[in-house]
1. Could you sort the peptides C:102-113, B:33-44 by per-residue average Cβ neighbour count (10 Å cutoff), highest mean leading?
2. Can you pull the mean other chain C-beta count within 10 Å for peptide C:259-268?
3. Report, as an integer, the average count of C-beta atoms from other chains found within 10 Å of each Cβ along B:222-228.
4. Could you please state, rounded to a whole Å, how far the C-alpha centre of the range D:242-291 is from the C-alpha centre of the range C:350-429?
5. Work out from phi, with θ = phi - 60° and the Karplus expression 6.51 cos²θ - 1.76 cosθ + 1.60, the ³J(HN,Hα) of each residue of the range C:336-345, listed in order in whole Hz, and give x for Gly and Pro.
6. So if I take the alpha carbon set of the range A:206-284, get Rg, then get Rh from the Kirkwood formula, what is the Rg over Rh ratio?
7. Could you go through the range C:272-281 in sequence order and give the Karplus-derived ³J(HN,Hα) for each residue, using 6.51 cos²θ - 1.76 cosθ + 1.60 with θ = phi - 60°, rounded to whole Hz, and x for Gly and Pro?
8. Under 5 Å between amide hydrogens, which residues at least 5 positions from A:VAL280 or on another chain qualify, with H placed 1.01 Å from N in the peptide plane?
Amino acid sequence: MKIVLQNLTKIFPSRNKKSGEEVVAVNNFNFEIPDGKLIGLLGPSGCGKSTTLYMISGLQKPSSGRIFFGDDDVTELSTENRGIGLVFQNYALYPHMTVKQNILFPLQNLKGKDKLTKEQMLDRAQEAARLVQIDQLLDRKPSELSGGQQQRVAIARALVKMPKVLLLDEPLSNLDARLRLQTREEIRRIQKETGITTVFVTHDQEEAMSISDMIVVMKLGVVQQIGKPQEVYDDPANLFVAKFLGTPPINVFRGSVRAGQLYLGEEAVLKVSGAPDGDVDVGIRPEGFLLDPQGPLSCSPLNVEVMGRDVSVVSTHPASENPMVRSIINADSGADISSGTVRYSIKPHKLFLFDRESGKRIPFEVKQHG
Amino acid sequence: MTQKSMSVMHDRDLGKTSARQKAGKALVYFGIYAFLILMALIVLFPFYWMLISSVKSLEEYRLSTPTLWPRMILLGNYAEAFTTAALGRLFVNTLIVGVVSTILSLVITVLTAFAFARLEFKGKELLFAALLATMMIPGELFTITNYSTVTTFGWINTYTVLIVPFLVSVFYIYLLRQNFLQIPNELYLAAKVDGTSDWKYLWKVMVPLSLPTLISITILKMMGAWNSYIWPRLVANDEAHRLITNGLRNAFTDTTGDVNYPVQMAAVALVSLPLFLVFVFLRKYIMSGVSRSGIKG
Amino acid sequence: MKKLVSVFLALLMMLGLCAPSLAAFEVPAEGYDGSEVTITFYNTMGSNLTAVLDEYIAQFNELYPNIHVEYSSVGSYDDVRDQVSTEITVGNQPNIAYCYPDHVALYNLAKAVQTLDELIESDVTVTRADGSTEKLGLTEEQRADFIEGYYKEGQEFGDGLTYTMPFSKSTEVLYYDKTFFEANGLTVPTNWDEMEETCAKIKEIAPNSIPLGYDSSANWFITMTEQYGSEYTSATEPHFLFNNETNRAFIKRFSEWYNKGYLTTQKLYGAYTSGLFTSTSEVRCYMCIGSSAGATYQRPAANADGTYPFEVGITTIPQVDASNRKVISQGPSVCIFKKNNPQEVVASWLFVKYLTTSTDFQAEFSMASGYVPVLKSVDTNEVYADFLSKADGGNYISALSAKVCLEQADAYYTSPAFNGSSTARDQVDILLNKCLPMSGDNVDAQIEDAFEDAIDECEYSF
Amino acid sequence: MVESKQQWKAWLYLAPAIVLLMVFTVWPIVNTVRMSLLEGYSGLKAAGGATFQFGFGNFEKVIQYRRFVQCLRNTVLLCVWTVPISTFLALLIAVALNSIKPLQKALQTIFFLPYVTNSIAIGMVFAAMFNIVGSFYGTQNEIIVTAGIINNVIEFFGGKPVNWINYGSSYMANMTVMIVYIVWNALPFKILILLGGLQSINKQYYEAAKVDSAPRSRVFWRITVPLLSPMLAYVIITGFIGGFKEYTSIVGIFGEKMGPPDDAGRLNTMVGFIYDSLSANNQGRASAAALILFGIILVVTLINLQVSKKRVHY
């Protein structure tokens, strides 16, 4: 089932009564989530991604705007009647119930024509448990399970009533690194198997990129960019998105464009025809550097970190906004930091220009440098 | 060589301190136990007194020099206590009042605490503060007015009058609300997603999770029924509805208005027994119930 | 919501404000008409006494089967007072209650107590279930049979009307160690001068003793004012008159005794002085003034063979003037409360009359309780006469006590009762105990201050 | 939190409690205010048809009482002494209990026992323990029949017996007895709360302290007390509220005269004053005194809350 968000806005009254300022948690969100896809809602904390999720779930009511499931307007529908599954960050398992009781709980609440017999319920619960591979643990209490197991129970509980929409609120943040990797594959697998439209909230861009069909990057309640993970990475709409995606993060320099030529400090690094003259922020992905003795960009290297196939060179540059410039280059290209300077040339499609004021991307046509 | 001697020295040092530490630790524990046992004796003395008094003769009890061990153990006091006070009837009455008022009181407390802990409504904070403020008013003053109220309602000498006026306890509401507040909000949201109503969530999730608090409220309430005196005496002092403490006070008066204390003590001991047993067996719950109230917020 | 609340409150407010009003009582022309009535009776009886009561209620019901008597043992006398006075405020008082004059004075604030004169004097004839008849009021003989002092107590309310009927009574008597007195050739003191001499002699014989123990200091003070004829209180204003020369003088005298080690009181001693009196150690009393109803507590614990370490003698308390003897009258009376249904009042009266004028009931109740009967004719009751004849200082000490009480029947007094009389009683109790230990050069000034304080307290709480 | 059009729903949940509170709590309070403003109001007199003037006479009468200040002082003194002592003692016991293994359960049960027993018996026992039977005053007359168990203990250790509650006892001695009794009474509840709090403190803090080799006393003051501060605040605030309502404990020891025989009313408290007025059937004065007391408690509680806001670590 597709989900349509139309001009979705959420305004919270200010907590501090004296100042009386309102907080706009989500501002005019428009998006259509295609049926059967997994969407990652991505952004730093406080960006409104959880609020969006809660509005989809019905736990919070939008201040304005509409939500559609398929063609049905569900904006006024209460959570109980939306037929969604939601997995909470800390799982929210009922501590006094066994795993089985936890999974059965949503089924016992079904009413009317959806009502199931005891056997049907048990079958469904078994099936859900099998899907998340916890069918051995049905008689345990949540406190007797590990974090990963609890997470699976929470997913099973969300899936058991066969929701049209599955919502996941930071589902992996309480797990350790290995388990996180494993579980996100699991989630991807389950989503594929069930084909449920899924919305996934996370602040971890890597997580979002790795499993989402599409990601939505948000900041301060405003959607920054929507697209397939790779597209967003390769073509960030603004400095924020560029900075937010990618590990190691993008390197940002102060630069200026003069007559179609991009300068970092006094070094002319790239022809950027079409870009207007003026000061700009320049983002260069770590993998956008090429070791090149004749390259236009010279940095003072501090350290080389060997990462196996690649090496990461940490250096400084006077025009860099961050203290360090990090480049990732092929280990074979033999970075030598003993000389005191290292010179790079830049892959043009890994370099982005942004407006100093607005942070908006400034497009340019790639020309041969030199 | 140097290294070795150093490490040896080090070891010896450790051994020394640990021996001293051990001695110190033993001393500390000795102190702790001595303190606790002394305090325990002080706490226990009145109970001891109650028990030995309950087997004394009235003459011995009235001696100007009290005896610390009864000269003669009169277990007959217990039999007398049971028959003269018609303890059977009193027990039944107290049990009826205790059980009914506990159940109703629990329901009301749960509903109210839920509203204060989970629901949003105008004036919530103000109302709660007002409730807490009522705890500061000397309760004796309520008696006069309440008495005329229940008389107007025609409730004198009924079980109703023993049960209804004290169903709402601000203290219990406070305890339970604190407990409810500590149940993570996510559970409530999860339950919403799982399709439960507030009502079902309250009884299926919050109540089971607050069981220790509810049990301690139950016990406190039962104890209240067991110990209540002034109000029952005023409003339901007929044979059919008399409660236990009242019965005790009345039954052992002899002609001079004096009280046959040993028999009364025996009766008090008899009456305390059920509460005592309940306490011993449910200590864990009472403990966690009261302490879990957590006092936060 | 708010509006609803305020309406609700206003409603309740009105409920609280309207006081129950009672129509004036008139004796119905037909007296008791035989209708079904239930009357309630608050008392302080223990189970040994309610057994006696049950028996006589059964007999009463043979005569009046439609009068249902429900009694309730409310606790102590003070408990009865508190219960009744609360109930009166909402018009829910019982029909009959045990009372002391102070209590009636309190109930009178609400004008809740039925005056009995109309009933006592009524000539209406009432027919009983067995066909026999009785006069609703008291007959000449019945009236004359009451011990005068006890009967008068019901009229001490300043207006000469009768508010209560005596139920069972006690007084104070002097207990003394007869064995000791005889062994040492001592005579039992009959007046306070003799008391002083006796104490001095005992102190010589047994230096570690406290010759006299007096349980109730309040009784002592009030009795002394009666014996001296000095003022204590008045039922009409000004109420509190006890700060006068005579009273200060006797207090000063007793304070001197106290400082010589002659006496102690229950408050000063810290326990009932009967404990000192029955003690067999050398620290003990040889005389003790206490309630006649507590005789069994004045008897020392029996030896293994059933005999007693010493014989107890009982006599009238010392007097100021042998020709004008005064002893306090204590113990419960009963009062009847006003009710809207006159039949209830008449039925209550019939029941009260039945109990208070029945020689048999009075005899049996007295033997069970240790109190003395309120009727002179009780000695015609065989069982009671037999009981009295056995009077001794050992097993039948209660009989001895009762006998002494009956012999001093002419000496009973009661003090005026009014709202505040119980405060006066409390205050003179405190006063006496406060003054006894005073010594030194400025005793007079100290005593005067103490008296003024006591009057202040009385006036304040009045 | 789910925003709700559930206003009415919340009120539905509250309805039973509110109705009962209206009738049995709010109305009595309103009535108290009413009675306090009717000069010399007495329920009995009202039942007899008397009417009363509207005014502040009751309040004046309360404040003018020559022992009003004494009542107030006693109440305040008892609070100021008993609350800190009982809290500290309860804290020590709770910490001690929490630090031992063998006998812990048994001792816990013992310490909570007073919680489930009839208060009639306890008061009688305490009075007997402190009671000295005998005559004092005047050297010739000084005869002690029994000095009471407490004095027996004092004498055993070579001390002189003290006249605690009897004739001629000093105010200090009286207060000491009251403080001991009230503290004893208050202990179980406080231990219960504090021990519960202790057991919910994360053990890691103590392990960390051990690693830092902090001495016991430092651990107590710097870790236990701050982490327990919410419970301590609760115990102290309720202790003060209870302390201002002190009455029955004094009756338990001294009887309704509220003082030793030679100075009745010496230990009277605010609530005692209210009772005195009630038994003198002067509900107007009792109501006025109760409202004054309520005002005092309210102020003290607000101060308490203010202090704890600064000191309590949640």
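Readers should treat all values here as calculations from the given coordinates under stated rules, not as data from a laboratory. From a predicted model like this one, the values you see are computed outputs, not experimental measurements. When we count neighbours, we look across all protein chains shown, and the Cβ atoms used for this are built from the backbone with ideal geometry, even at glycine.
1. C:102-113, B:33-44
2. Mean partner-chain Cβ count within 10 Å for C:259-268: 5.
3. 2
4. 35 Å
5. 10, 9, 5, 9, 5, 8, x, 4, 5, 5
6. Values: Rg = 14.6 Å, Rh = 13.9 Å.
Expressed as Rg/Rh, it is 1.05.
7. Calculated HN-Hα couplings, in order: 3, 6, 4, x, 5, 5, 8, 5, 10, 7 Hz.
8. Residues meeting the criterion, in which the H sits 1.01 Å from N, are A:GLY255, A:SER256, A:VAL257.
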